[in-house]
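**Student:** First the structure, then my questions, so here it is.
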């Protein structure tokens with residue numbers, strides 16, 4: 001039995017590299033596909049990470065700027081950079097113009113032990129300014145360069 005141990009070790013060393021290459025490698029951080037809504041955000045001067053990856057439908061009135069985004073269900077994500085928990089309703093609505101989103105409805109964030117509705121967002125150079133009623137908070141736009149997956153949802157890649 002002791003003589004066969006080196007043989008099996010050698011055999012395993014020869015077989016293992018081939019067996020690990022049979023399947024396609026899994027990407028540990030898959031990037032979600034860009035939807036029309038994400039592309040539209042870019043054209044108005046916003047990063048795609050303001051919307052989660054689960055966008056299913058999007059409508060925009062080019063004249064008024066009124067939009068709606070359907071996610072197919074509610075969504076929870078953790079917003080960078082301070083790791084605030086945010087919830088997105090199944091439908092998000094508002095009015096978009098170059099560098100400004102107003103009358104926003106459907107996104108809430110938990111801060112200071114309370115849920116707050118984000119009512120507007122505007123772009124200010126390399127920063128985004130989030131409006132919560134009369135209060136604002138400024139964050140670097142680069143924190144929103146990637147569209148997040150909703151908690152409990154993963155890419156099919």
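**Student:** Any chance region 148-156 includes a residue that's outside any strand (DSSP E or B) and within 27 Å of residue 63 (Cα to Cα)? Reasoning before the result, please.
**Tutor:** Going through region 148-156, the residues outside any strand (DSSP E or B) turn out to be 148-156.
Keeping just the survivors that are within 27 Å of residue 63 (Cα to Cα) gives none.
Within region 148-156, not a single residue is outside any strand (DSSP E or B) and within 27 Å of residue 63 (Cα to Cα).
**Student:** Is it the case that residue 91 is part of a strand (DSSP E or B) and at pLDDT below 95?
**Tutor:** no
**Student:** Moving to a separate point now. Restricting attention to region 110-145, which residues are surrounded by 15 or more Cβ atoms within 10 Å (Cβ to Cβ), outside any strand (DSSP E or B) and touching a helix residue (DSSP H, G or I) at 6+ places or on another chain (Cβ under 7 Å)?
**Tutor:** 144
**Student:** Please go through region 38-67 and pick out each residue that is within 14 Å of residue 97 (Cα to Cα), free of Cβ contacts under 8 Å to residues at least 60 places away in the same chain and surrounded by 14 or more Cβ atoms within 10 Å (Cβ to Cβ).
**Tutor:** 40, 41, 44, 60, 65, 66, 67, listed by residue number.
**Student:** Examine region 16-32 for a residue that is under 28 Å from residue 145 (Cβ atoms), in contact with a strand residue (DSSP E or B) (Cβ under 6 Å, 6 or more places away or on another chain), surrounded by 17 or more Cβ atoms within 10 Å (Cβ to Cβ) and modelled with pLDDT of 50 or more, and state whether such a residue exists.
**Tutor:** In the first step, residues of region 16-32 are kept if they are under 28 Å from residue 145 (Cβ atoms); the result is 24-32.
Still in the running and in contact with a strand residue (DSSP E or B) (Cβ under 6 Å, 6 or more places away or on another chain): none.
Scanning region 16-32 turns up no residue that is under 28 Å from residue 145 (Cβ atoms), in contact with a strand residue (DSSP E or B) (Cβ under 6 Å, 6 or more places away or on another chain), surrounded by 17 or more Cβ atoms within 10 Å (Cβ to Cβ) and modelled with pLDDT of 50 or more.
The values are calculated or read from the model by the stated rules, or taken from the named source; none is laboratory data. Small disclaimer: the values here were computed from a predicted structure and weren't measured. All Cβ positions, even for glycine, are placed from backbone atoms using ideal geometry, and neighbour counts span all protein chains on display.
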